[in-house]
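> Quick one: this structure, given as structure tokens, is what I'll be asking you about.
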Amino acid sequence: MNSKKFLIPVIFAVAAVLGMAACAGKSENSNPASAGPSFDAKLLAHHVQVLASDAFEGRSPASKGEELTVAYISDEFRKLGLKPPVDGGFVQDVPMARITNDPAAVLRVTGKGANLEFRQGGQFVGWTLRAKEDVAVAASDMVFVGYGVVAPEYGWDDYAGLDVRGKTVVMLVNDPGFARKDPDLFKGRTMTYYGRWPYKFEEAARRGAAAALLVHETEPASYGWNVVNNSWMGTRYSLSTPDGNAARCALEAWISLDTAKAIFAAAGKDYEVMKLAADARGFQAVPLGLKTSIAMHDAVENVITRNVIGLIPGTARPDEVVIYSAHWDHFGVNPAVPGEDKILNGAVDNATGISGVIELARAFMKPGVPHERSLLFLATTAEEQGILGTFYYVDHPVFPLAKTVADLNMDAMNVMAPTKDVSVGEYGRCELEEYFKTAVEEQGRVIALDANPESGGYFRSDHFPFALAGVPAISAGSGVDDREKGPEYGAKARMAWAMANYHQPSDEFSPDWNYAGMIEDLTLFYKVGLRLINETTFPGWKEGSDFKAKRDAMLNR
């Protein structure tokens, strides 16, 4: 049986193709080939248990949970002897707008004899990023713009000849070519940034749309509707802007597949036919002859949330830095979550990554470890809100980006069992991959290519803002080839975990977790970082990478 059939996109939405799940087992590193520092499973477990406890209330930004989280990470950095690099402290303030969207909002679609109403949460999940208490869209003409993509390098423009100012655009998720499985459109199975929801909403706003509706389907989105409901319903955050994000669409929303089909039927169109039409060159946007209306009353508050940053100064080239990153935030307490448990604790996603950052700092602080370059340990806020904390850091870096050698990111680490393979998202982009390959081979393991590149995992975690700015960045972790039970078992287990627990209250700490795989992966990260901080070269991007030109210009190559 082909094990790859089990690697459905939802697995890789968990953490950009990082292996993970909860399962009983041993805590020691089971592979004697993986020489390196001695990571302590008890310490790893302790950090996760504290950070994912109910007392931390799901670590939502600008909450009691944040206060506890920031204090905990800062205290750990302080106890380890890390230097505070931000104005004498460990925290970088990140100003944001917190917008609690109207749970009673109703999306109305009228025209052609139809008078449809869709309810928030079940049939659509809508929000605004405008920092205004009252936001409305009134009788806005609806137009289907296919994938909502403008990509000159691919010869694609879904907005060609179209004026959508004041209109409502309806869009498909993922890239052109996905529905037909066309390998000749864009990058074939590999999602580009054009396929991601942030790009689509941003492009709609650039075009002046009043509202942007994105059709949810599990396969192209790479997660189910329950994830949409838990992740987008309720409170949203955005980086503060002088105009209060006035340029964003008044309404941004996911609509369920059933809602989309009902809208297209009211327009006299067949959704499946229109989806295939949008997936071919020559597609032109289709006015639906319908109008959208919605009124939302929101609670708006300007807040300060924080990145936590610790530094080990370099001894020979202290102005050059290697970064280890992981996000500390999750979704807090969400009253809209079904059931009695409303806390989204985020144990695997991503208390494990923060645990890894802390323990890597401990390993590098041990006597005798050379540090010619500086090391920065970056625990970021609001990753779950669109990687906002890292975008802010990249715009306000502690070290200039031209002096930033690399970012090594950890998101949702392996607490299942050791694997023979290591997964690296979109392998082939970056010279950092060769560093990992060397360390992986020393462990007797192999690099596994992303089995589900259409999920767009590369664009979903804290390494991506660095990459977008030109800094070499990578996220990696355990694959699915379970060292004892094989790839088929490992893929099934990870799929089952993701379907049941990703962005759910059930992502909780378990005392039965197996840390052997996490320790192997931390050993890889340690070895790569140790090499980077003690050499003089700056790794770059490979030919054909979208980010190569920025890095080359940055370094005057």
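Throughout, read-outs are computed from the coordinates displayed, never taken from laboratory work. It should be emphasised that the depicted structure is a prediction, and the values quoted were computed from it without experimental measurement. Heads up, the Cβs are rebuilt from the backbone with ideal geometry, glycines too, and the neighbour counts pull from every protein chain shown.
> Counting only C-alpha contacts under 8 Å and six or more residues apart, can you give the relative contact order of the range 423-538 as a whole percent?
Across the range 423-538, relative contact order equals 27 percent.
> Per the Debye formula with a single identical scatterer at each Cα and no solvent contribution, what log10 I(q)/I(0) holds for the range 185-225 at q = 0.16, 0.23, 0.27, 0.30 Å⁻¹?
-0.49, -0.88, -1.01, -1.07
> Here's another thing I want to ask about it. Given labels modelled 7 Å from the Cα in the Cβ direction, how far is it in nm from LYS485 to THR536?
The answer from the label model is 5.1 nm.
> A further question on this structure: What residue among PRO37, GLY490, TYR392 has its Cα farthest toward the positive end of the dipole of the chain, where the charges are +1 on Lys, Arg and -1 on Asp, Glu, each on the Cβ?
The residue sitting farthest along the positive end of the dipole is TYR392.
> Evaluate the charge dipole of the range 335-391 about its Cα centre and quote only its size in Debye, nearest 20, assuming +1 on the Cβ of each Lys and Arg and -1 on the Cβ of each Asp and Glu.
Using only the charged Cβ atoms, the result is roughly 320 debye.
> Extent of the chain along each principal axis, from alpha carbon coordinates, in Å, largest to smallest?
Between the extreme Cα coordinates on each principal axis of the chain lie 76, 52, 48 Å.
> Semi-axes of the equivalent ellipsoid for the range 73-114, please: Cα gyration tensor eigenvalues, times 5, square-rooted, ordered largest first, whole Å.
51, 11, 8
> Ok, one more. Placing one identical point scatterer on every Cα of the range 102-297 and ignoring solvent, what is log10 I(q)/I(0) from the Debye formula at q = 0.09, 0.18 Å⁻¹?
Each listed q corresponds, in turn, to -0.30, -1.29.
> Where in the chain is the longest stretch that carries no GluC sites (Glu not before Pro) classed as loop by DSSP and with at most 14 other Cβ atoms within 10 Å?
Segment 134-339 is the longest.
> To continue, here is another question. Let me check against my output: what whole-number percent is the relative contact order of the chain, with C-alpha pairs under 8 Å and at least 6 apart?
In percent, rounded to a whole number, it is 26.
> Here's another thing I want to ask about it. What is the spread of the Cα atoms of the range 317-361 along each of their three principal axes, largest first, in whole Å?
Result, largest extent first: 53, 17, 9 Å.
> Please state the Cα pair-distance histogram of the range 205-361 with 5 angstrom bins from zero: what percent is in each bin?
Pairs per bin, as whole percents: 1, 6, 10, 13, 15, 14, 12, 10, 8, 5, 3, 2, 1, 0.
> Moving on to the next point. I want the antiparallel fraction of DSSP beta bridges within the chain, as a percent rounded to 5.
60
> Next up: DSSP beta bridges in the range 102-297, what fraction antiparallel, as a percent rounded to 5?
Of those bridges, close to 60 percent are antiparallel.
> Hey, got the dipole for the chain? About the Cα centre, +1 on K and R Cβ, -1 on D and E Cβ, debye to the nearest 20?
600
> Another question about this same structure. So what is the calculated 222 nm ellipticity per residue for the chain, using -39500 (n - 2.57) for each DSSP H run with n of 4 or more, over all residues, to the nearest 500 deg cm²/dmol?
The helix contribution divided over the chain gives -8000 deg cm²/dmol.
> Treat each spin label as a single point 7 Å out from the Cα along the C-beta direction, and report the GLU543 to ASP87 distance in nm.
4.7
> Taking 45 Å as R0, compute the FRET efficiency from the Cβ-Cβ separation of LYS437 and ARG165 and round it to 0.05.
0.35
> Another question, then. Please work out the FRET efficiency for the pair ARG78 and SER510, using the Cβ-Cβ distance as r and a Förster radius of 35 Å; give the result to the nearest 0.05.
0.75
> For the range 146-241, state the average projected area of the convex hull of the C-alpha atoms over all orientations, rounded to one decimal in nm².
Over all viewing directions, the range 146-241 projects a mean Cα-hull area of 7.1 nm².
> Here is a further query. Calculate I(q)/I(0) for the range 383-450 by the Debye formula, one identical point scatterer on each C-alpha and no solvent, and give its log10 at q = 0.15, 0.17, 0.25, 0.26 Å⁻¹ to two decimals.
Per q value, in the given order, log10 I(q)/I(0) is -0.69, -0.84, -1.18, -1.20.
> Can you give the relative contact order of the range 102-297 as a percent, counting alpha carbon pairs under 8 Å and 6+ residues apart?
Reported as a whole number, the value is 39 percent.
> Fully extended, how many nm does the chain gain between ALA299 and ALA55 (0.36 nm per residue separation, minus their Cα-Cα distance)?
Additional length available on full extension: 85.3 nm.
> Between ASP243 and LEU401, what is the FRET efficiency for a Förster distance of 30 Å, r being their Cβ-Cβ separation, to the nearest 0.05?
That pair, ASP243 with LEU401, gives E of 0.70.
> Same structure, new question: If eta is 0.692 mPa s and T is 37 °C, what Stokes-Einstein diffusion coefficient results for the range 338-415, Kirkwood Rh from Cα pairs, in µm²/s?
222
> Using a simple charge model, +1 on the beta-carbon of Lys and Arg, -1 on the beta-carbon of Asp and Glu, nothing else, what dipole does the range 102-297 show about its Cα centre, in debye to the nearest 20?
Using only the charged Cβ atoms, the result is roughly 140 debye.
> Please name whichever of ALA212, GLY195, ASN226 sits farthest to the positive end of the charge dipole of the range 102-297, dipole taken about the Cα centre and charges placed at Cβ: Lys and Arg +1, Asp and Glu -1.
In the range 102-297, that residue is ALA212.
> Between rounded, prolate and oblate, where does the range 85-162 land on the alpha carbon gyration tensor, with a ≥ b ≥ c its root eigenvalues, rounded for a/c under 1.5, else prolate if a/b exceeds b/c?
Oblate is the answer for the range 85-162, as a/c is 1.5 or above yet b/c matches or exceeds a/b.
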